[in-house]
Structure formats: structure tokens, C-alpha cells
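The values are calculated or read from the model by the stated rules, or taken from the named source; none is laboratory data. Since we're looking at a predicted model, the values are computed, not measured. So basically every Cβ, Gly included, is an ideal-geometry build from the backbone, and we count neighbours across all protein chains shown. When the accessible area is computed, the model is the full protein with side chains, heavy atoms only, and any ligands, DNA or RNA have been set aside. Shrake-Rupley method; radii C 1.70, N 1.55, O 1.52, S 1.80 Å.
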Amino acid sequence: MAAGSVFASVPRAPPVAVFQLTADFREDRDPRKVNLGVGAYRTDEGQPWVLPVVKKVEQKIANDTSLNHEYLPILGLPEFRANASRIALGEDSCAIKENRVGGVQCLGGTGALRIGAEFLRRWYNGNNNTTTPVYISSPSWENHNSVFVNAGFKDIRAYRYWDAAKRGLDLEGLLEDMESAPEFSIFILHACAHNPTGTDPTLEQWKQIAAVMKRRFLFPFFDSAYQGFASGCLDRDAWAVRYFVSEGFELFCAQSFSKNFGLYNERVGNLSVVGKDTDNVQRVLSQMEKIVRTIWSNPPSQGARIVATTLTCPQLFAEWKDNVKTMADRVLLMRSELRARLQALGTPGTWNHITEQIGMFSFTGLNPKQVEYMIKEKHIYLMASGRINMCGLTTKNLDYVASSIHEAVTKFQ
Ligand SMILES: Cc1ncc(COP(=O)(O)O)c(C=O)c1O
């Protein structure tokens, strides 16, 4: 055995930007510091929030002597999977009634994307699909690309989404990219509250998107990480997914309960599979079992129990919807307050996009120099892309953040 390390040739990987930003924020000693980078809800006191309904259900679970720590089935807790899919697809979903929906309990939304990607690479429309193009919006959540690359896909492409000049959706570009995509390409679609732009297609635009995708045999893989956060209403935020199902698409929908249940570290996610018939879905699930078995073998129970208990009890369900609305309303309030302040200050540029965008994030339009100024001089942490988490704003720091944006924009055009 040589004296050198067997790890000598391992290159150091760069840190994940959002985690690095949070680490830098923690180390910053300036009392004015503000973290607008983190992708999690914060109260008006700037604190994480354990949803009251979650606290209640946790207590209920702790007191339930019938529960134990035996392994869950490979595909997860049955009542979690069924009810998670019901939330995504709707009470009256034709696909659920026709018994052609399956769920896979996954480790967060990321796990659902990863398991879905792994399945598609192995089995989508034939087998060994490493060359099938996978289209990801430009820009997108930075992990999408890596998840699909790590699943073995070799042809990852960007589809146009954001029109920087008009600070809105580039529908024309998006539709053109769909028209020219090879048939059967896979498209990752943000179900609502697009991360990072906060800009979703309108219902009419979704219909146009679905029409092109149907005609060109494109596969929709929805990523639903913010159901309830966009509008405060679970049904409204699931509109696109449900519309695609009603149009007869086979699709995947990766659901995360990290944000809307505040269960970030419990890793609760579900991959809803909608197929043409029961037999299709059962065969897909049998392969999902093979994939899960070699990755995490079977999923953890606590988060799934919390979600399943909440979704199956009408009272708790109502309470949860109320909690989600509390979070969504606070985001909406911060949007209007920030916009009002920037407009009152006469900050150069237009700021209506702050209230027009939805969900947790806003794509401010701040350029890299302005972002650098905000971080270095103002101790306000935000992503290099100019994305801010609206929940990082509070009634106490709004004035400071608005005047800092004003300074950054005035100093660096
Ligand atoms: C668009 C998008 N998809 C998926 C996820 C992953 O969520 P989870 O933490 O449940 O893995 C996130 C989290 O930030 C996200 O923003």
C-alpha cells in the first residue's frame, strides 16, 4: 500500500451556493444583517415556524401507543401516498377514480425528482434513455440540472422561460422551444410559484403549453414544491397539474411537503405517477420498488405520519389550510410593502414585478454588482441571480432593505 491517501486525487467540489450564503450570514457580526437567501419560511420575527397543526399532530403521534418503529413498506406509508396524490390531483380527479394513479413516498421533493428521473432513464418509452432530451426552464432551481445528470441523462437542455427585459414569462420562446424539441422529450415544469422567478404561466398560457406538449408527445414532469404558497389556496396552485391530467397526459408530479408543512428536515415528498390505466401504473410502481430498494431501501415515517394524519382528518386538514394561508398572506404583505417603499423612494426602474410575482421568491432584477453591494456593504444576503426570499423580510427590516436596494440601484445602473 502506497503511503499516499487513496483520496489524493479527489478534487474539492465548490460549496452549494445557497448553503454557503447561509453560512456567510451566520458568521456576519453586523447587527443590521438580513438573510434573503434561505429557501424557508420565516415569521415576522425572522424565526422558523413550526406550524401549529404540526405541533398538535406530533403530540398525537407521540401519544399513540399503537405506533412503532418497524420498517415502512418500500414505497412508503400507504395513507400518505394516497392522500398526497389526492392533494395534488384533486378530490374529483378522473385519474384517481379510474385507479390509474400511484404514489411513491420519497425523501423530500428532491428525492421524488431523483427517483422519477432514475425511473425515466431506465424505462421511459423504451429502456435506457440516457439520450432522451430533458428540458429545464431557464432559469430554474439549480438542483434540477444535477438531479437529471446524476440519474444518467446526457442531453440536458434549457427552454426559454424568463424574459429579463419585460421581467415576465417568455411564452413565445417557451412555446417555440417546445415546438422544436424532439418528440417524447421530457419537460420539467414548475407546478406553481416558479423558483427562482416567481412567475407562472396564466391559466390560458398553461392551456397553450399543454396543447403543444400533447401534439408533440412531450412528457410533463411537474415539480410541485410550493403548493399553497403561491395563492394561499391548495386547489388553485394545483390547477396546472390537474389540467394536464384532465387532458389525458401520462405524467409525473414530484411533491414536496417541506415548505407547505414546514417539515424541511423531515424529508417528506411524494412522487405521483399518472398512467393510462391501472396495469401501467402497477408495473411502474413495481420498478419504482426496485429503484428505491437500492437507494434508501424504505423511507422514514415521522414526516409522512404527520402529513397523512393531517390530510385524513377534516378538522386538521382545515387547520393546515389555514396555517398555509397565514404563510402565503405574510409573503403577499411583504411584497406589497417592499414595492410601496421602493416606489416611495423613487428607486430607478419599475417595481410592479415584486407584487406580480408569486410564491416565496422574487426575482428582483438586481444585477451582480448590485447584489455584491447588498451583501458586502449592507449585509443583506441574497442569491447572485438577484433572487430574494420574501419571508426574509419583516416589518422591522423592510425600511433598511428597501433603502439598501435603492442605494444599490442608484449607485450601479
Ligand atoms: C423548485 C424546487 N423543487 C424542489 C425542491 C426540493 O424540496 P425538498 O427540500 O423537499 O427536497 C425545492 C426546494 O427548495 C424547490 O425550490
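Checked against the criteria, A17 does not count as open to solvent by less than 60 Å² (accessible area, probe 1.4 Å) and of a type in the set (A, V, I, L, M).
Okay, residues lined up against (1) within 20 Å of K33 (Cβ to Cβ); (2) assigned to a strand (DSSP E or B); (3) β-branched (V, I, T):
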| site | (1), (2), (3) |
| --- | --- |
| L338 | yes, no, no |
| Q343 | no, no, no |
| I354 | no, no, yes |
| G365 | no, no, no |
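Every test in (1) open to solvent by 60 Å² or more (accessible area, probe 1.4 Å); (2) assigned to a helix (DSSP H, G or I) is passed by T395 save one, and that test is (2). Just one residue in the set S180, S138, S185 is exposed (fewer than 14 other Cβ atoms within 10 Å of the Cβ) and hydroxyl-bearing (S, T, Y); that residue is S180. A single entry from G365, G349 fulfils the requirement of being closer than 23 Å to H190 by Cβ and touching a residue at least 40 places away in the same chain (Cβ under 8 Å): G365.
Note on region 192-217: residues that are more than 16 Å from the ligand (Cβ to nearest atom) and assigned to a loop (DSSP other than H, G, I, E, B) total 3. Among residues of region 218-253 being more than 16 Å from the ligand (Cβ to nearest atom) and part of a loop (DSSP other than H, G, I, E, B), the one that is surrounded by the fewest Cβ atoms within 10 Å (Cβ to Cβ) is G248. The test for being open to solvent by 10 Å² or more (accessible area, probe 1.4 Å) and over 30 Å from R86 (Cβ atoms) does not hold for K97.
Of the residues F153, F148, which is touching a helix residue (DSSP H, G or I) at 6+ places or on another chain (Cβ under 7 Å) and either part of a helix (DSSP H, G or I) or within 16 Å of the ligand (Cβ to nearest atom) (or both)? Only one candidate qualifies: F148. Is it the case that some residue within region 266-273 is over 24 Å from L175 (Cα atoms) and away from the ligand (no atom under 16 Å from the Cβ)? Scanning region 266-273 turns up at least one residue that is over 24 Å from L175 (Cα atoms) and away from the ligand (no atom under 16 Å from the Cβ). Please verify whether I405 is closer than 29 Å to P15 by Cα and outside any loop (DSSP other than H, G, I, E, B), treating the condition exactly as stated. Answer is yes for this residue. Considering only region 277-297, I want to know if a residue exists there that is within 16 Å of the ligand (Cβ to nearest atom) and either open to solvent by 20 Å² or more (accessible area, probe 1.4 Å) or of a type in the set (D, E, K, R) (or both). For region 277-297, residues within 16 Å of the ligand (Cβ to nearest atom) and either open to solvent by 20 Å² or more (accessible area, probe 1.4 Å) or of a type in the set (D, E, K, R) (or both): present.
Just one of the listed residues (R122, R114) is away from the ligand (no atom under 16 Å from the Cβ), at pLDDT 95 or above and not in a loop (DSSP other than H, G, I, E, B), and it is R122. One residue is enough: does region 311-327 have a residue meeting the conditions buried (at least 17 other Cβ atoms within 10 Å of the Cβ), more than 21 Å from the chain's Cα centre (by Cα), modelled with pLDDT of 95 or more and of a type in the set (S, T, Y)? No: region 311-327 contains no residue that is buried (at least 17 other Cβ atoms within 10 Å of the Cβ), more than 21 Å from the chain's Cα centre (by Cα), modelled with pLDDT of 95 or more and of a type in the set (S, T, Y).
Exactly one residue among R81, R100 is over 22 Å from A328 (Cα atoms) and within 16 Å of the ligand (Cβ to nearest atom), and that residue is R81.
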